[in-house]
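Student: Before I ask anything, here is the structure I am working with.
Derivation of every value follows stated rules applied to the coordinates shown; laboratory data play no part. Since the model is a prediction, treat every value here as computed from it, not as a measurement. Counting neighbours? That spans all protein chains shown, and the Cβs are built from the backbone with ideal geometry, glycine included.
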Amino acid sequence: MEDRIYLNLKREEKNIPIVFVERIEKIGEYLASFNCSNLVIFTDKLVYKLYKDFIDSLQHSYLYLFDEGEESKSIESYLKAIDYLLDRNVDRRALFVAIGGGVVGDVVGFIASTYKRGVRLIHIPTTLLSMVDSSIGGKTGINYKLYKNQIGTFYQPEMIIICPQFLGTLPKSEVLSGIGEIIKYGFTLDRSILDMKDRFENDVFEIFQDKILAMQLIKKSINCKVKVVERDEKESLLREVLNFGHTVGHALETYYNYYFSHGIFVILGMAAEMILSNILFNFDLSNLDFLIRILEKNSIKLPQRFEKSQIISIMKYDKKNINASIRMVLLKDVCDYVLGYEVNEDILYEALDRFEKIVLS
Ligand SMILES: NC(=O)c1ccc[n+]([C@@H]2O[C@H](COP(=O)([O-])OP(=O)(O)OC[C@H]3O[C@@H](n4cnc5c(N)ncnc54)[C@H](O)[C@@H]3O)[C@@H](O)[C@H]2O)c1
């Protein structure tokens with residue numbers, strides 16, 4: 001299955017291959033094609049445990065293991081990795097390889113972009129979410145204090161290698177998390193993804209047992225992301241469309257202390273932002289029923305009441321906001337979006353109130 005999509009960044013004259021391989025054994029050949037002083041593999045402890053034989057088989061000079069989880073996107077974790085590299089005199093001609101989910105990808109991307117002013121990087125995403133979203137587009141980031149991704153860069157990898165074999169060990173919650181982002185593409189950029197609504201509502205694992213369907217969904221999603229990033233790499237406006245569901249989603253994620261995986265908060269965030277879209281643009285709420293059915297089917301439940309003022313104040317720190325006003329992507333209809341809409345706080349209260357009653361009840 002040698003198969004590629006290219007992310008073509010005209011301004012930087014970069015054409016980044018997104019390579020699809022069927023078996024993990026093929027990955028080593030791609031890495032071997034790069035000339036480098038040191039091959040440094042970064043992964044997390046859980047991924048290493050699951051894929052030890054494969055990772056050990058790569059001809060690496062160094063292997064750096066993060067703890068699994070969002071904590072690894074802290075400044076302390078970033079500095080610890082930098083110390084590790086400095087202590088070993090790793091130079092600028094090294095090649096960094098990030099094998100893992102979005103956490104490893106984001107922190108290693110930030111390390112690669114800042115260490116010695118930039119070291120080449122390859123992403124090998126191992127979660128569904130990182131395959132369809134975080135590994136594509138060059139955003140890197142670490143968290144600061146309470147807030148996610150407040151420190152980061154745009155830094156494009158040399159290559160992204162997608163191997164669906166990794167999905168075989170993902171727990172259900174992580175599959176659902178990736179489905180959250182895939183559904184987001186369906187609502188914003190490619191409505192054909194929603195043709196599979198019935199399958200999404202059924203067992204999420206079942207979709208990925210059908211390898212052809214799984215690849216189709218992954219490729220459709222990657223194509224959505226690639227098209228947006230090609231037109232707006234640095235998020236001046238269009239790229240914001242990818243944040244549908246994320247303004248409220250990130251705030252809930254922070255408020256509930258990362259209780260669920262990221263993409264599940266995106267599903268919850270999309271539900272709240274659909275309610276807002278309904279209040280402001282008469283968006284058809286039958287789409288919300290679809291999200292609620294997915295949440296119910298997968299027993300995703302949040303405590304029924306939350307402090308709306310706290311959620312709103314977290315949103316004010318969201319990086320899309322200018323002068324602390326709350327701006328977000330809303331929908332008039334499926335794939336008919338409004339970017340950077342400034343939402344008045346009273347309306348936000350009303351929407352969160354309805355969200356509590358409809359979605360959390
Ligand atoms: N850079 C971007 O554009 C972008 C976009 C979306 C999300 N993100 C970031 O991505 C992060 C979330 O990424 P994620 O959802 O991949 O979470 P994650 O990286 O925390 O991975 C989730 C869990 O799955 C485990 N795991 C990874 N691969 C596995 C596999 N093949 N089998 C079994 N377990 C596996 C990990 O060890 C971890 O415990 C967040 O920090 C978010 O901010 C970044």
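Student: Rounded to a whole number of µm²/s, how large is the Stokes-Einstein D of segment 80-213 at 10 °C and 1.306 mPa s, given Rh as the Kirkwood radius over C-alpha pairs?
Tutor: Numbers: Rh = 16.2 Å.
Rounded, D is 98 µm²/s.
Student: Separate question: Of Leu237, Tyr337, Ser221, whose Cα points farthest to the positive end of the dipole of segment 186-359 (charges on the beta-carbon: +1 Lys, Arg; -1 Asp, Glu; origin at the Cα centre)?
Tutor: Ser221
Student: Excluding Val47 itself, what net charge comes from residues whose Cβ is under 14 Å from its Cβ, given Lys and Arg +1 and Asp and Glu -1?
Tutor: On the way: positive: Lys45, Lys49, Lys52; negative: Asp44, Asp53, Asp56, Asp67, Glu68, Glu174.
Every neighbour counted, the sum reads -3.
Student: Can you tell me the relative contact order of segment 76-121? Whole percent, Cα pairs under 8 Å, sequence separation 6 or more. Write out the running numbers ahead of the final one.
Tutor: Values: 35 pairs, mean separation 19.8, N = 46.
Once normalised by length, the contact order is 43 percent.
Student: Nearest 10 degrees, 0 to 90: what angle lies between the long axis of helix 75-87 and the longest principal axis of the chain (Cα atoms)?
Tutor: 10
Student: Quick one: helix 102-114 against the long Cα principal axis of the chain, what's the angle to the nearest 10°, folded into 0 to 90?
Tutor: Its long axis makes an angle of about 60 degrees.
Student: What's the angle, to the nearest 10 degrees (0 to 90), between helix 286-297's Cα axis and the longest principal axis of the chain?
Tutor: That helix lies at roughly 60 degrees to the long axis.
Student: Relative contact order for segment 106-256: what percent, with Cα pairs under 8 Å and sequence separation of 6 or more?
Tutor: Working: 189 pairs, mean separation 35.1, N = 151.
This gives 23 percent for segment 106-256.
Student: When all C-alpha to C-alpha distances in segment 166-287 are sorted into bins of 5 Å, what percent of pairs does each bin hold, rounded to whole numbers?
Tutor: Here the calculated profile for segment 166-287 is 2, 11, 18, 23, 21, 16, 7, 1, 0.
Student: Grab every C-alpha pair in segment 140-185, bin the distances at 10 angstrom width from 0 up to the longest one, and report whole percents.
Tutor: Calculated over all Cα pairs of segment 140-185, the distribution is 20, 28, 48, 5 percent.
Student: OK, next. So what's the gap between the Cα centers of segment 1-43 and segment 144-176, to the nearest angstrom?
Tutor: Centre-to-centre (Cα) distance: 16 Å.
Student: Right, something else. Which percent, nearest 5, of DSSP beta bridges in the chain are antiparallel? Write down the numbers at each step before the final one.
Tutor: Values: 16 of 37 bridges.
Rounded to the nearest five, the antiparallel share is 45 percent.
Student: Report the one residue of Leu46, Ile136, Leu58 whose Cα lies farthest in the direction of the positive end of the charge dipole of segment 3-170 (charges on C-beta: Lys and Arg +1, Asp and Glu -1; origin at the Cα centre).
Tutor: Looking along the dipole axis, the top candidate is Ile136.
Student: Of the options Leu280, Ser309, Ile207, report the single residue whose Cα projects farthest towards the positive end of the charge dipole of segment 181-320 (beta-carbon charges: Lys, Arg +1; Asp, Glu -1).
Tutor: Ser309
Student: Ok, one more. What span do the alpha-carbon atoms of segment 3-170 cover on each of the three principal axes, reported in whole Å from largest to smallest?
Tutor: Principal extents (largest minus smallest coordinate, Cα): 40, 40, 32 Å.
Student: Can you classify segment 186-359 as rounded, prolate or oblate using the Cα gyration tensor, where a ≥ b ≥ c are the square roots of its eigenvalues, rounded means a/c under 1.5, and otherwise it's prolate if a/b beats b/c and oblate if not?
Tutor: Working: a/c = 1.69, a/b = 1.23, b/c = 1.38.
In terms of gyration-tensor shape, oblate.
Student: Additional query: Net charge around Phe260, counting only other residues with Cβ within less than 15 Å of its Cβ (Lys, Arg = +1; Asp, Glu = -1)?
Tutor: Numbers: positive: Lys148, Lys172, Lys297, Lys301; negative: Glu70, Glu174, Glu181, Glu253, Glu296.
Surrounding charge for Phe260 is -1.
Student: Additional query: Using alpha-carbon pairs under 8 Å, 6+ residues apart, how would you state the relative contact order of segment 186-359 in percent?
Tutor: On the way: 197 pairs, mean separation 44.1, N = 174.
Relative contact order here is 25 percent.
Student: Continuing with the same structure: I need two numbers for the chain: Rg to one decimal and Dmax as a whole number, Cα atoms only, in Å.
Tutor: 19.9, 59
Student: Here's a follow-up. Work out from phi, with θ = phi - 60° and the Karplus expression 6.51 cos²θ - 1.76 cosθ + 1.60, the ³J(HN,Hα) of each residue of segment 169-186, listed in order in whole Hz, and give x for Gly and Pro.
Tutor: 9, 6, x, 3, 4, 6, 5, 4, 4, x, 4, x, 5, 5, 5, 4, 4, x
Student: Once you charge only the Cβ atoms, +1 for Lys and Arg and -1 for Asp and Glu, what is the size of the charge dipole of the chain about its Cα centre, to the nearest 20 debye? Walk me through the numbers before you get to the answer.
Tutor: Numbers: 45 positive and 50 negative charges, 147 e Å.
The dipole of the chain has a size of about 700 debye.
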